[in-house]
Each structure stands twice: as C-alpha cells, then as structure tokens.
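Asker: Would you mind keeping the following structure in view while I ask a few things?
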Amino acid sequence: MTSRQRAISAASVKIRKKSDAKGAKNDKMKKRLQRICSCVLLCAALLAAALPAPAGAASTGFSDVPAGHWAADAISRAVDLGLFQGQTRTRFGLGQPMTRAAAVVTLCRLFGWEMVTPEKGSYQDNQDPDAWYYSAVETACAHGAITHQTDTFRPEDPITREELAVMLVRAMGYGTIAGLAQDLPIPFRDVETNAGYVAMAYELGLVNGTSATRFSPDRTATREQAAVMLMRLYDSYHTAAPDRIGIAPTAEGLADLTGYDAVAVGSARLIYAGEARLSGGLREEQTAALLEAAASAGAAPLLRVTGTDTALRGEPSQTAEMLAAAVENSGCQGLFLDLAELSASRRESFTGLVEELRDQLGDQLLYVVVEAPAWQGTAYTGYDYAALAEAADRLVVRVAAYENTEGAIPVAPLEPLEEVYYALAELRDQVDGGKLCLLLTTTGSGWSNGRHTGALTAEEIEELLDSPRTQDYYSDRYACAYLTADDGRTVVWYLNGAAALERIRMAALFGVGQICLGDLTSVADYENYRLLESGTAADAAA
C-alpha cells in the first residue's frame with residue numbers, strides 16, 4: 001500500500017467519524033427544480049459552452065504584456081470576459097501584486113453572484129458602503145469564499161498565493177473537503193498551514209508550484225498569476241458537456257436514449273463451474289427491444305456481464321474467448337464487464353482477463369467497472385488501474401456509499417463528494433482522465449427504522465416527495481439529497497440535479513469527460529430541468 005493510499009484510507013475513516021447529516025431544507029420551488037438524479041441529463045447541458053482559447057499568440061492590448069508572455073492568453077480572456085480590468089487603458093499592471101479586494105471582486109464576477117450590500121459590514125475595515133470593494137467583500141463572505149476567522153479583511157493588502165488558493169477552493173464550495181484532506185500528500189515541502197486547500201487547488205489544476213517541491217505560500221500573487229488561476233477555474237466550469245452512457249437492465253420503463261454514446265444491456269452473470277460460463281440474462285424479446293432502442297438512438301449496445309472474483313478461476317484466455325463469442329452472438333458492439341469488489345489476490349487474474357479480452361474483441365468496445373481506490377474507508381488494491389486502462393476503452397469508476405446508522409437518522413450519501421475527489425486524485429497519477437467514466441447512482445438508498453431496505457426507483461422517490469408528510473433536504477456536507485417520511489422512520493438518500501452536477505463538475509476538473517447512469521429504467525423526464533438547458537455550470541453555481 002502506498003503512502004498516498006494510506007493517507008486516503010485515514011482521511012476516509014476520519015470523514016466517516018465526522019458524519020454530519022444536517023442540511024438546509026429546500027423550499028417547494030427548489031424541490032421541483034432539483035428533482036432526482038434524472039436531472040443529471042440537465043447537468044450535461046449545464047457544463048457546455050466552453051469558450052475556445054484564441055489561436056496563436058494572444059494580443060492583450062496592454063503595452064506591458066508582450067504577445068508571447070506566458071500569461072498573455074489568460075489576461076486577454078479575463079479582460080474580454082469582464083473579470084479583470086487594466087490598471088489603466090494601456091497598462092495591465094504586469095508583475096504588480098493582486099490585492100485581496102481585487103481578488104474578491106473578480107470572484108464575484110466569475111461566479112455571477114448577486115451582490116449584497118448590508119447596512120453594516122462584516123469586518124471592521126469594511127464599513128464604507130461607498131468603497132469599490134464593499135459589496136464584493138460582503139458577497140464573497142455570504143458565499144463562504146472568505147470567513148470570519150479574524151475581524152478584519154485587509155482589502156488593500158496584497159493577497160498571498162496561499163490565501164488565493166484557499167479563496168478559490170472555498171468559492172467552489174470545497175471547504176469541507178479541504179478541511180478533511182489535511183493529511184493527503186502534496187509535493188510541496190514549504191506548506192505548513194491550509195495544506196488541504198493547497199492540495200486541492202493543486203490536484204484540481206488551479207495552481208502550480210514555484211518549483212517541484214516549493215509552493216511559496218507567503219509570496220504575493222501577481223495580477224497575471226491571479227488571471228491564470230481564475231481562467232483555469234473558469235474553464236473548469238465551462239468545459240464541454242460530458243459524454244453519457246447508461247445501464248439498461250430491462251427494456252421496461254427505459255429512459256429516452258437520445259444523446260447516449262453507449263448502453264450496457266441485460267445482466268448476464270459470469271460464473272465458474274468447472275469452466276467459465278454465463279448464467280441468466282434477458283429473454284430474447286427483451287434483448288431485441290433493448291437493441292432496437294439503442295440503435296434508434298444511435299447508442300452502441302454493450303453486453304453487460306456481472307460477477308465476483310470467483311468467476312476468475314478459469315483460464316483468462318478461455319474466459320475471454322467465451323465472452324467475445326457471447327458479445328458476437330448477442331448482436332452487441334462491445335462488452336461492459338462488472339466484476340465487483342475484487343480481492344487483491346485476483347488482481348493479476350483480472351488484468352490478464354481484460355488484456356485477453358482486448359485481443360479477442362478487436363475493435364469492439366470494452367468498458368470495465370472498477371471500485372474506487374478508497375472503498376468503504378479502506379485503501380483498495382483489487383485492481384491494476386493503469387494496466388486495465390491500457391487495455392480497456394474506459395474504466396467506469398464506482399464510488400462506494402457511506403453507511404452510518406449511529407445517529408438519529410442513517411447517514412448514507414451516494415457517491416460522497418469527498419470520496420469522488422479522493423478517488424480521482426489517486427487515479428490521476430495512474431490513468432488519463434479521458435479513459436475514465438464516473439458512475440452515478442440513479443436509484444435511492446432506502447432506510448426504515450435505521451435498517452437498510454434496498455434501492456428505490458426515481459418514480460418511488462417522486463411519489464414520496466409529492467407527499468405532504470415528506471420533508472426533503474440537501475446535505476451540503478456530502479452534496480447529496482435526502483428525505484424523511486413517516487415521522488422520520490423512513491429515510492431515503494438520492495442524487496438530485498444539484499448533487500449530480502457537483503459530481504460531474506468534480507469529474508470535469510480531473511479531465512473525466514464521461515458519466516455512466518446506473519439504471520436507465522430509473523431516470524424520469526421532468527419538464528422543469530428543460531428550463532435550464534441553455535444555462536452553464538457557472539450559471540448554476542450563481
């Protein structure tokens with residue numbers, strides 16, 4: 001186990017001990033606009049509308065910024081977007097320090113926050129409503145980008161690189177994760193405070209070090225450095241819409257497949273009984289209906305095969321040959337292989353099987369499901385992620401849910417956002433983000449009197465939400481929705497539109513451009529999400 005895996009495991013355990021199920025109750029309008037994770041379809045649209053970088057050397061129009069300067073492109077785009085202004089009409093202020101006041105002003109512009117102007121400021125040195133930065137400071141404070149740890153803001157002071165990194169991470173809503181990530185390793189030896197924030201800003205690609213081992217946290221951030229960081233953040237919020245695939249266990253109640261690149265159909269099970277073979281699966285008419293639905297939508301059908309590590313007892317080449325033949329006979333265009341929770345002892349066998357499958361399938365698609373590197377609070381060693389990614393077209397990453405029943409209500413968020421971060425941060429060093437696909441659960445996790453009762457479909461969750469006896473909440477702690485019914489005896493955790501968007505956004509920050517919906521028969525089509533389809537991720541965050 002690597003030091004990074006040990007750190008992730010420790011962080012996961014610490015997070016589980018600090019569970020907090022409190023969340024702000026949504027009003028009725030918000031509930032209708034942020035329905036069940038079916039609104040993940042909305043999220044794809046929300047993440048669109050990236051602005052292309054100008055080709056060639058950028059011309060900023062400022063006399064002090066050479067066209068070939070390393071920050072020229074970021075400066076030009078930041079000014080064009082209205083995030084920055086020059087110190088004068090002809091000079092940007094290259095090399096000049098960025099003030100703390102200017103930093104919050106640019107953040108407010110970037111996120112499009114509605115400005116607030118209270119009668120009394122939150123800091124002793126921010127009491128003049130006529131000051132050019134007054135409303136920006138108060139707005140940034142209201143959105144959590146800055147805190148009340150001190151009673152002064154020091155608006156005219158130069159902002160340090162550490163302060164700017166902290167401000168960026170907090171503005172994105174990741175303060176809780178950063179606070180819990182203090183033990184995660186980073187290459188910088190000179191970071192002694194706010195290590196989790198600097199680690200997150202670095203892992204998310206917002207900041208670089210001043211050398212391989214130094215971050216220079218106390219060094220003043222210059223205006224051009226701030227422009228580059230802000231444009232990196234802007235681009236992460238305006239990345240291309242993610243590709244979508246989904247799992248269709250049956251043709252009944254299937255969602256519209258328009259816009260999906262691939263669909264995993266059926267649920268044949270790989271078993272070993274003297275030799276590897278497939279068990280179960282769909283009836284012919286069900287398979288035909290799924291293939292027809294996929295074909296009409298332009299989605300590639302993949303034969304879905306599930307199982308456990310006991311299925312790996314056979315010879316990899318023979319198992320691969322059998323699976324390739326099953327794909328051919330099914331009429332599918334590839335394989336979606338999901339052998340869950342593999343033990344470390346089966347790591348090499350599974351890698352060998354996937355490599356054999358690559359040879360057997362040829363140009364056909366090969367999707368492989370893997371557990372996240374940290375699984376239920378433990379560093380996971382059942383998969384050779386780098387080798388699997390080399391052989392497969394995509395690795396579908398499954399992040400385990402939390403399950404804590406010690407409090408008044410079960411705390412069981414699906415794909416907890418901090419675990420998504422830990423998983424992708426760990427995989428970043430092993431697998432190119434373009435090879436990864438993040439699995440999102442489209443069913444709810446139901447609990448009754450503290451005991452797990454299984455999955456609920458989107459339709460069942462919708463029925464509960466329509467009941468006047470149901471209370472729905474959103475846990476900022478886990479970025480996950482939940483509801484209570486029957487006087488609190490029934491609890492259901494699920495991903496609504498806001499929760500799904502947070503996970504897609506996190507994935508995009510790591511270059512992961514594809515998501516997989518866990519059950520396409522549990523994805524409803526609500527009219528309300530269509531109202532937002534022309535928006536952007538930045539609009540949603542506003």
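Asker: Given Ser76, Ser63, which one is modelled with pLDDT of 50 or more, of a type in the set (S, T, N, Q), outside any loop (DSSP other than H, G, I, E, B) and within 22 Å of Ala221 (Cα to Cα)?
Answerer: Ser76
Asker: State the number of residues belonging to segment 500-511 that are open to solvent by less than 10 Å² (accessible area, probe 1.4 Å) and in contact with a Cys (Cβ under 7 Å, 6 or more places away or on another chain).
Answerer: Selection size over segment 500-511: 2.
Asker: Out of the residues in segment 414-449 that are surrounded by fewer than 24 Cβ atoms within 10 Å (Cβ to Cβ) and touching a Pro at 6+ places or on another chain (Cβ under 6 Å), state the one that is nearest to Tyr380 (Cα to Cα).
Answerer: The residue in question is Glu426.
Asker: Show the residue pairs meeting these rules: Cβ distance below 6 Å; 6+ apart or different chains; first residue within segment 313-331 and touching a residue at least 24 places away in the same chain (Cβ under 8 Å) and on the phi > 0 side of the Ramachandran plot; second residue in a helix (DSSP H, G or I) and among the aliphatic types (A, V, I, L, M).
Answerer: Correct list of pairs: Gly331/Leu291.
Asker: For residues in segment 350-398 being under 24 Å from the mean Cα position of the chain (by Cα) and hydroxyl-bearing (Ser, Thr, Tyr), which is most open to solvent (accessible area, probe 1.4 Å)?
Answerer: Thr378
Asker: Suppose we filter segment 450-466 for residues that are part of a loop (DSSP other than H, G, I, E, B) and surrounded by 15 or more Cβ atoms within 10 Å (Cβ to Cβ); how many remain?
Answerer: Qualifying residue count for the region: 1.
Asker: Another question about this same structure. Being among the aliphatic types (A, V, I, L, M), in contact with a helix residue (DSSP H, G or I) (Cβ under 6 Å, 6 or more places away or on another chain), buried (at least 23 other Cβ atoms within 10 Å of the Cβ) and more than 22 Å from His238 (Cα to Cα) is true for just one of Val169, Val116, Val198. Which residue is that?
Answerer: Val198
Asker: Farther than 21 Å from Leu436 by Cα, modelled with pLDDT under 95, small (Gly, Ala, Ser) and not in a strand (DSSP E or B): is that true of Gly274 in this structure?
Answerer: Yes: the conditions hold for Gly274.
Asker: Thr308 passes all but one of (1) touching a residue at least 40 places away in the same chain (Cβ under 8 Å); (2) within 30 Å of Cys480 (Cα to Cα); which number fails?
Answerer: Thr308 satisfies every listed condition except (1).
Asker: Any chance segment 466-475 includes a residue that's touching a residue at least 60 places away in the same chain (Cβ under 8 Å) and under 30 Å from Tyr385 (Cβ atoms)?
Answerer: Yes, there is a match, as at least one residue in segment 466-475 is touching a residue at least 60 places away in the same chain (Cβ under 8 Å) and under 30 Å from Tyr385 (Cβ atoms).
The values are calculated or read from the model by the stated rules, or taken from the named source; none is laboratory data. Note that the structure is predicted; figures quoted are calculated from it, not measured. Note that we place each Cβ from the backbone using ideal geometry, even for glycine, and neighbour counts take in every protein chain shown. Side chains included, ligands, DNA and RNA excluded: accessible areas come from the protein's heavy atoms. Shrake-Rupley method; radii C 1.70, N 1.55, O 1.52, S 1.80 Å.
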